[in-house]
Amino acid sequence: MVRSRNYIATPPGATIQEQLDDRNMSQKEFAARMGMSEEHISKLIHGEVQLTPETGIRLEMVLGIPAKFWNNLEANYREKMIMAEAKNEMDADVENV
């Protein structure tokens, strides 16, 4: 998660984790259903890897939530992350003047 005074960028992985919690599904079981390694799923949940369109389709198949939803979450996350980082840089520049 990236924060600034005006923006909070939350990775799609936070929503994935909520879905797993609601389903009482472990990351291990989820990884197996997704056909991905547990390490990759962990990185996805923590926002350390990008959610690709292929992953969005797999999420739709496993969780029943449309791929478009996941792809939009990823796009919004990346946009807000860039905006938060830019705002933090601008704030730091103002403080150093």
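Looking at the stretch 57-76, can you tell me whether even one residue there is in a helix (DSSP H, G or I), at pLDDT below 95 and loosely packed, with under 15 Cβ neighbours inside 10 Å?
Looking for residues that are in a helix (DSSP H, G or I), at pLDDT below 95 and loosely packed, with under 15 Cβ neighbours inside 10 Å, one finds at least one in the stretch 57-76, hence yes.
Do you know which residues across the stretch 25-51 are of a type outside the set (A, V, I, L, M, F, W, C) and under 13 Å from the mean Cα position of the chain (by Cα)?
Hits for the stretch 25-51 are HIS40, SER42, LYS43, HIS46, GLY47, GLU48, GLN50.
Would you confirm whether or not the stretch 31-47 contains a residue that is in contact with an Asp or Glu (Cβ under 8 Å, 6 or more places away or on another chain) and touching a residue at least 40 places away in the same chain (Cβ under 8 Å)?
Within the stretch 31-47, none of the residues are in contact with an Asp or Glu (Cβ under 8 Å, 6 or more places away or on another chain) and touching a residue at least 40 places away in the same chain (Cβ under 8 Å).
Please name all residue pairs, on different chains or six or more residues apart, with Cβ atoms under 7 Å, provided the first residue is in the stretch 55-70 and is more than 15 Å from GLN17 (Cα to Cα) and the second residue is β-branched (Val, Ile, Thr) and surrounded by 14 or more Cβ atoms within 10 Å (Cβ to Cβ).
Sorted first by the residue in the stretch 55-70, then by its partner, the pairs are ALA67/ILE57.
With respect to the numbered conditions (1) buried (at least 18 other Cβ atoms within 10 Å of the Cβ); (2) among the polar types (S, T, N, Q); (3) assigned to a loop (DSSP other than H, G, I, E, B), which one is the sole condition not fulfilled by GLN50?
Every condition holds for GLN50 apart from (1).
In the stretch 52-84, which residue that is under 15 Å from ARG33 (Cα atoms) and of a type in the set (Gly, Ala, Ser) is farthest from the chain's Cα centre (by Cα)?
GLY64
The values are calculated or read from the model by the stated rules, or taken from the named source; none is laboratory data. Being a predicted model, the structure only gives us computed values, none of them experimental. As a convention, Cβ positions derive from the backbone with ideal geometry for all residues, glycine included, and neighbour counts pool all protein chains shown.
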